[in-house]
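The values are calculated or read from the model by the stated rules, or taken from the named source; none is laboratory data. Note that the structure is a prediction, hence the values are computed from the model and not measured. Here the Cβ positions follow ideal geometry from the backbone for every residue, glycine too, while neighbour counts run over all protein chains shown. Calculation scope for accessible area: heavy atoms of the full protein, side chains included, ligands and nucleic acids excluded. Shrake-Rupley method; radii C 1.70, N 1.55, O 1.52, S 1.80 Å.
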Amino acid sequence: MPFGYRPVTSVNGKETVRSEVKMVLAGITPEQRLKRSHDLETNLFNLLSSLDTSAHPLKVVGLFLPYRSEPRWALGRWSAFPWRLSYPAQKEDDPGYRFPKDQLPASGPYLECEGEVAKPDVLIVPGLAFSEEGFRLGRGKGWYDRFLEFQRPPLGCVGVCFEDQVRGGWNSDSHDRKMDIIVTEQRVRHCPR
């Protein structure tokens, strides 16, 4: 499928959009994924640097451990910034963020729960798709929706995805959480409140 392909979907088509996006992601070559991830990460660094002000200093970033189809992090690039990185950790249906105790796991969406509890100033949130309004379509397990229901970081939530994952064709539900900003490899979009 060509870059930017966005077929029309059904009225409340979350599953349709999930299927379409998974097909689009499967068509991205490893080289394209690295280039697009690098560009997205550059946009994200610029955004995070702009959020780090004396009035609201950015100290802790809630990052995520990417699935194979998601944007890849070049963690060496992150070391140029003073922010501490925390990651999702789950302990018996208690979603939260923790600092890594040792090495990051090779795979899986969550850290082992032995690390120190973190309170991120900003969250970087993955999604299969995001609407232009900022609503997130995840993988259907609800981890981020449950976490964000009661905890919203002071500097907001930043949805990250590749540009062809920003699309319509689905309706948000009452449990879906809205992002403040969406960052892709092509742009930074501040979502309307």
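Listed highest first by mean packing, meaning other Cβ atoms within 10 Å per residue, what order do 29-40, 131-142 come in? Can you show the working numbers first?
Values: 29-40: 14.6, 131-142: 16.8.
With the highest mean Cβ count within 10 Å placed first, the list reads 131-142, 29-40.
Quick one: which residues, 5+ away or cross-chain, put their amide H under 5 Å from the amide H of residue 179? H built at 1.01 Å from N.
Amide H neighbours of residue 179, under 5 Å, 5+ apart: 135, 136.
What does the charge add up to near residue 189, with Lys and Arg as +1, Asp and Glu as -1, over the other residues with Cβ less than 12 Å from its Cβ? Mind showing how you got there, number by number?
Working: positive: 187; negative: 132, 133, 163, 180.
Surrounding charge for residue 189 is -3.
How high is the relative contact order of the chain, in percent, with contacts defined as C-alpha pairs under 8 Å that are six or more residues apart? Could the numbers behind the result be given before it?
Values: 353 pairs, mean separation 49.2, N = 193.
The value is 25 percent.
Let me see the pair-distance distribution of the chain: every alpha carbon pair, 10 Å bin width, integer percents in order.
9, 37, 39, 14, 1
About its Cα centre, how strong a charge dipole does the chain have in debye, to the nearest 20, once Lys and Arg get +1 and Asp and Glu get -1 at the Cβ? Before the final figure, lay out each step's value.
Details: 27 positive and 25 negative charges, 45 e Å.
Taking the Cα centre of the chain as origin, the dipole is about 220 debye.
Report, in whole Å, the centroid distance computed from the Cα atoms of the range 159-187 and the range 63-93.
So the separation of the two Cα centres works out to 19 Å.
For the chain, set up a Gaussian network in which alpha carbons nearer than 10 Å are linked by springs, and say which option among 67, 97, 144 fluctuates the most.
Maximum fluctuation in the GNM of the chain, among the listed residues, is at 67.
With the full set of protein chains in place, find how many percent of the accessible area of the chain is carbon and sulfur; take the probe as 1.4 Å. Mind dumping the intermediate values first?
Working: 5250 of 10080 Å².
Carbon plus sulfur share of accessible area: 52 percent.
Please give the per residue accessible area of the chain, computed with a probe of 1.4 Å over protein heavy atoms only, in Å².
Working: 10080 Å² over 193 residues.
Averaged over the residues of the chain, the accessible area is 52 Å².
Using a/c under 1.5 as the rounded threshold, could you call the range 18-96 rounded, prolate or oblate? The axes a ≥ b ≥ c are square roots of the C-alpha gyration tensor eigenvalues, and prolate needs a/b larger than b/c, oblate otherwise. Mind dumping the intermediate values first?
Numbers: a/c = 2.33, a/b = 1.34, b/c = 1.73.
Here the range 18-96 falls in the oblate category.
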